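The values are calculated or read from the model by the stated rules, or taken from the named source; none is laboratory data. Note that the structure is a prediction, hence the values are computed from the model and not measured. Cβ sites come from the backbone with ideal geometry, for glycine too, and all protein chains shown count toward neighbours. Note: areas computed on protein heavy atoms with side chains; ligands, DNA, RNA excluded. Shrake-Rupley method; radii C 1.70, N 1.55, O 1.52, S 1.80 Å.
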There are 2 protein chains.
Amino acid sequence: MAKLQKSIDKRNALVKATIELVNNNGFHATPMSKIAKMANVSPATIYLYFENKQDLVNQTYIDVKAEYTKYAFANYDPTTPIEEGFKMIWKRIADFKLKESEHAMFLAQCDNTPMIDEESRQEGIKHLQPLLDLWERGKKEGIIKPISDYLLYAYAINPLSFLMMTQKRGAFTLDKTHLEEAYQSAWSSIKMCQ
Amino acid sequence: MAKLQKSIDKRNALVKATIELVNNNGFHATPMSKIAKMANVSPATIYLYFENKQDLVNQTYIDVKAEYTKYAFANYDPTTPIEEGFKMIWKRIADFKLKESEHAMFLAQCDNTPMIDEESRQEGIKHLQPLLDLWERGKKEGIIKPISDYLLYAYAINPLSFLMMTQKRGAFTLDKTHLEEAYQSAWSSIKMCQ
DNA sequence: ACATTAAAAATGAACGTTCATTCTTTTTTT
DNA sequence: AAAAAAAGAATGAACGTTCATTTTTAATGT
């Protein structure tokens, strides 16, 4: 019964501290000692919950990625018409990136860095399937451009990461109007007919 | 004459080694000793060219960013018509990201990480002005959507970083066809009229 | 209900290593 | 021969991780 007795709160505190410190200082400047201190835990305790530093950051990545996709598809019904369904998911993702910007920022850092093991990266991608299914359906119906899912993601979704990052740096603020413009650009870039 | 006597080759070798090691291992796992070894130089010698590790990575970032924008605008003439000018710059940027993908990857890592000082980041942005000017002109002529430059960059340019990264990971290959589709998506997302 | 006890969880200090940086000496350049 | 550049070895600090011990938890017997 070993694992079950350990406090989930403590694990979560460690994950939370990891996100916050890596966001602010980068992976290279967040020692285990600081993570422990921020989580109000002894450094040694970390090793009761995680194998080592790499495992801690891998698990943190998977946790946040799962939260992200769960949020994105929370209210999505796979029978929704294409355009409406896409707008729904897009808005949820935008919402996540803005409201949970700490988490979104952490993902952006992980996704552009060799700090996450390839295995965990693969694990994180899995839950995006509903969006890929929607696109598949959209292509069949002649509503979505018949191009690679990577291209669709690059133009429809990924720009939100850049905008979130830019906003986080204080360069500009993504208000309601911007968001509507962003949606129009996203939709323009992947819909058929032009 | 202190600085001038030092070998520019040695400096470049250090910058090159930094890019390669940071790309492959991340900043957190590239010690000065390894950089020195890869550049065939003593660790102590690094400090004749750079103040410290932070300075080395800052200067590397600025170097690569300057190379990037120089490449992007190499054959651009500010009097070119909007659509043609945009296509020209876009293709050059795409070209850079694919042909100089090591450098592009390094920039992507720097841009999503707190590893670069804010000052050096600002320095790196400066040289993008010709593109912003083109957009300004395009908005006035009613050809480009009258939205924030950040939005335009997010949809017209930034997706290339994602695609380059995806390609680097081996998930898919960005061939000629994909590139043409990508351009169409980029242009669709920022042009007026729909 | 309480005392006892064994296991689990948590800890602070310690360990060995690695790191960025500096120091002293040697080599190269002019 | 003097100055600059480069080198290897040295240094102290910081790191990830483990060790020896203490504290907490929960099950058991009375």
Taking the Cα atoms of the stretch B:54-124, what is the range of coordinates along each of the three principal axes, in descending order and whole Å? 41, 23, 17
I need the calculated FRET efficiency for the pair residue A:87 and residue A:10, taking r as the beta carbon distance and R₀ as 35 Å, to the nearest 0.05. 0.30
Which of the residue pairs A:97/B:16; A:176/B:176; A:16/A:70; A:87/A:145 have a Cα-Cα distance greater than 27 Å in the structure shown? A:97/B:16; A:176/B:176
Per DSSP, loop GluC sites (Glu not before Pro) in the stretch B:39-133 with at most 14 further Cβ within 10 Å: B:51
Would you mind classifying the stretch B:95-194 by shape? Square roots of the alpha carbon gyration tensor eigenvalues, ordered a ≥ b ≥ c; an a/c under 1.5 is rounded, otherwise it is prolate if a/b is larger than b/c and oblate if not. oblate
Once the label point is set 7 Å along the Cα-to-beta-carbon vector, what list of distances in nm do you get between residue A:8 and its counterparts in the other copies? 6.2
In Å, what Rg and Dmax follow from the Cα atoms of the protein assembly as shown? 22.1, 73
Which of the lysines could a cross-linker span from residue A:10 if the Cα-Cα distance has to be under 17 Å and same-chain partners fewer than 8 positions apart are dropped? A:34, A:37, A:53
If you take the accessible area of B alone, add that of A alone, and subtract the area of the pair, what total do you get in Å², probe 1.4 Å, to the nearest 100? 3600
How long are the semi-axes of the equivalent ellipsoid of chain B, defined as square roots of 5 times the Cα gyration tensor eigenvalues? Whole Å, largest first. 35, 19, 14
With every protein chain left in place and a probe of 1.4 Å, what is the accessible surface of residue B:120, to the nearest 10 Å²? 10
